[in-house]
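Here's the structure, in structure tokens; my notes come after.
Read the figures in this text as sums done on the coordinates, not as results from a lab. Quick caveat, the model's predicted, so the values are computed rather than measured. Cβ atoms come from the backbone with ideal geometry, glycine included; neighbour counts cover every protein chain shown.
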Ligand SMILES: [Zn+2]
């Protein structure tokens with residue numbers, strides 16, 4: 001029975017991941033999220049139900065559109081798979097509560113925002129708003145004191161804002177996300193999340209410097225690292 005529940009949670013996570021893909025590709029182009037039928041990105045042929053099954057369709061189609069045979073981005077199945085793993089990890093760690101549901105939605109938003117930041121070095125305001133709404137809903141169900149949340153929300157973003165006043169180092173989206181995540185986690189988990197983010201981003205930047213893919217003064221997307229930090233700080 002337990003195994004069946006795990007499989008169900010994983011599959012539901014994959015379905016959410018499919019919606020995350022919709023968010024990533026439709027929001028920047030100001031397309032409707034719910035009423036437009038999904039179509040091939042190359043030939044715009046509407047997709048049949050069997051072409052939209054998370055992960056499975058990609059495998060059946062061997063990564064190519066059924067109509068024009070153009071390659072389908074591997075990002076689709078990877079996002080779906082990753083979303084399934086996120087759902088399963090959160091469920092196994094905390095069970096089914098409103099708190100875990102709120103954090104699951106926040107994690108899905110982090111996944112979408114991370115991919116957007118990696119692709120376009122920008123994030124969608126609407127996803128930040130959804131994240132903020134679920135952080136607020138969470139504060140109704142989770143006993144974390146309000147003052148701890150407010151400290152988590154203000155502390156690091158204020159510091160980074162002051163750093164930005166001297167020299168712009170962090171994007172506006174990063175600061176908003178730190179405020180939302182800080183409110184959700186409170187202190188000291190916001191600090192743990194931020195240290196993990198800085199540490200992982202530094203390793204990545206050094207790696208890019210070593211393979212000469214970046215110059216010393218160039219920017220790297222920070223949201224993926226913030227997301228890693230938030231997720232680890234949440235589940236430990
Ligand atoms: Zn096509």
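Please compute the modelled spin-label separation between residue 4 and residue 129, points set 7 Å along Cα→Cβ, answer in nm with one decimal. According to this spin-label approximation, the distance is 4.1 nm.
Taking a ≥ b ≥ c as the square roots of the eigenvalues of the alpha-carbon gyration tensor, region 152-233 is classed oblate because a/c is 1.5 or more while a/b is no larger than b/c. Relative to the longest principal axis of the Cα atoms of the chain, the long axis of helix 223-235 lies at roughly 80 degrees.
With helices as the sole contributors, the chain gives -23000 deg cm²/dmol at 222 nm; each DSSP H run of n ≥ 4 counts as -39500 (n - 2.57), and the sum is divided by every residue. If R0 is 22 Å, the Cβ-Cβ spacing of residue 98 and residue 235 corresponds to a FRET efficiency of close to 0.80. If a/c stays under 1.5 just call it rounded; otherwise compare a/b with b/c (prolate if a/b is bigger, oblate if not). Do that for the chain, with a ≥ b ≥ c from the square roots of the Cα gyration tensor eigenvalues. Oblate shape, in that a/c is at least 1.5 and b/c is the bigger or equal ratio. Shape class for region 106-198, computed from the alpha carbon gyration tensor (a ≥ b ≥ c): oblate, with a/c not under 1.5 and a/b at or below b/c.
Here the calculated FRET efficiency for residue 209 and residue 75, from their Cβ-Cβ distance with R0 = 35 Å, stands at 0.85, rounded to the nearest 0.05.
Ranking of 158, 111 by neighbouring Cβ atoms within 10 Å, starting from the fewest: 158, 111.
For the peptides 43-50, 180-187, the ranking by packing is 180-187, 43-50, with the highest mean count of neighbouring Cβ atoms within 10 Å listed first.
Taking Cα atoms only, the orientation of helix 189-210 departs from the longest principal axis of the chain by about 70 degrees.
Computed extension length for residue 175-residue 44: 43.5 nm, one decimal, from 0.36 nm per residue of separation with the Cα-Cα distance subtracted. In this simple spin-label model, placing a label point 7 Å from the Cα along the Cα-to-Cβ direction at both residue 36 and residue 166 gives a separation of 4.4 nm. Give the angle, between 0 and 90 degrees and rounded to the nearest 10, that separates the Cα long axis of helix 75-94 from the longest principal axis of the Cα atoms of the chain. With both axes taken from Cα atoms, the answer is about 50 degrees. Note on residue 141 and residue 67: with the Förster distance fixed at 35 Å, the Cβ-Cβ geometry gives a FRET efficiency of about 0.15. Site pair residue 148 and residue 52 shows an inter-label distance of 4.2 nm when each label is modelled 7 Å from Cα along Cα→Cβ.
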